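Scroll down for the structure; my scribbles are underneath it.
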Amino acid sequence: MKPTRRWALAAAFLVTVVAVAAAGWVFLSGGDLRSVAATLRGLLGEAPLPEGFAMGNGRLEATEVDVATKLAGRLVEVRAKEGDRVESGQVVAVLDTDSLKAQLREAQAERRRAEQEREHAKAVVEEHESQLEFARRERTRLERLSKDHFVSEEQFDQAKTRVRTAEASLRAAQLEVVTIEAKIEATQASIERIEVDIADSTLKAPAGGRVLYRLAEPGEVLGVGGKVLTVLDLTDVYMVVFLPAPAAGRVRLGAPGRIVFDAAPDFVFPAEVSFVSPRAQFTPKQVETQTVREALDFRIKVRVDPALLARNEPVVKTGIPGVAYVQLRPDVPWPEHLTPRLPKWPSAPATPSSD
């Protein structure tokens, strides 16, 4: 090995030892992991974070949407695999609907039968209307004859009784028509419900995104709420970080942010604060050391620019760890090393025509 290279390796080793020792001294003297990180960045030559900014580490996340069944049934077809891109409203799975279609035919036959009963009931109403009209004319005629003593009082009373009987029969026939019409409405409602159930047996993606999990296969019998797919909504991608109360109290919704991923430290992605928790909580175990977890922090969501996601969705991968930076004071400019720098991704291949 050349002497120059040996000296370079020795110098690098010495700098590392000094940095680790200094960081250990800061930590043992009561500092937290953020202080240790700041010390390491200063010793290793990275630009320190100026006043007016806060940072936290986390992983890239996206909203997960489940495609689940509304009804119990046998799964006939699943049209998407893990990693596939689906659009909102796209059919992704189909349940067996043979039983529902049989119920639909039965309900339609019941409606036709009820409609025929209604026609018969209307004919009965017309018959009783005719009988009532005749009974009223007869009563009127006998009333004139009774005044001239051509008919007895008993005959006139019988005519009046026939009118009242005809009126009662007409009301009963009219009520029968109303009852049958209500039956038709109930049958129509059953038809519409079954049609909705048949439509709901065709499962559609509630949001566009990428299929994260395929949880069921054709032939499986699923219960109500059985999950078939889990879709990542890649229009809502964010990183969750935890900030202490002094910093969280100065964070405002919509504040600009930056995200730097461990896998691509040379690039800086623009973001903004989309959520600030209204209450404090213990920092999760995977975020910081036990000393920091003992303090109450606030959960902050730093959302990636939706326009950037729309242009580069094919390369978005959730779960990647990184660091999110948040601007606390709008009058303090971003440091040079946090100026947005985006990679030049190749454009997505054109979708082949269906012709």
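A few notes on this one:
- Elements of type strands (runs of 3 or more DSSP E) in segment 163-249, at least 2 residues being touching a residue at least 12 places away in the same chain (Cβ under 8 Å) and surrounded by 18 or more Cβ atoms within 10 Å (Cβ to Cβ): 209-214, 227-244
- Within segment 317-355, the residues that satisfy the criterion of being under 31 Å from the mean Cα position of the chain (by Cα) and modelled with pLDDT of 70 or more are 317, 318, 319, 320, 321, 322, 323, 324, 325, 326, 327, 342.
- All positions within segment 257-282 that are polar (S, T, N, Q) and within 18 Å of residue 318 (Cβ to Cβ): 274
- Residue match in segment 63-85 (condition: assigned to a loop (DSSP other than H, G, I, E, B), modelled with pLDDT under 90 and within 20 Å of the chain's Cα centre (by Cα)): yes
- Of the numbered criteria (1) at pLDDT below 85; (2) among the hydrophobic types (A, V, I, L, M, F, W, C); (3) surrounded by fewer than 13 Cβ atoms within 10 Å (Cβ to Cβ), the one residue 102 fails is (1).
- Which numbered condition residue 143 fails, given (1) without any contact (Cβ under 8 Å) to a residue 40 or more places away in the chain; (2) within 30 Å of residue 213 (Cα to Cα): (2)
The values are calculated or read from the model by the stated rules, or taken from the named source; none is laboratory data. Small disclaimer: the values here were computed from a predicted structure and weren't measured. Note: ideal-geometry Cβ built from the backbone for every residue, glycine included; neighbour counts use all protein chains shown.
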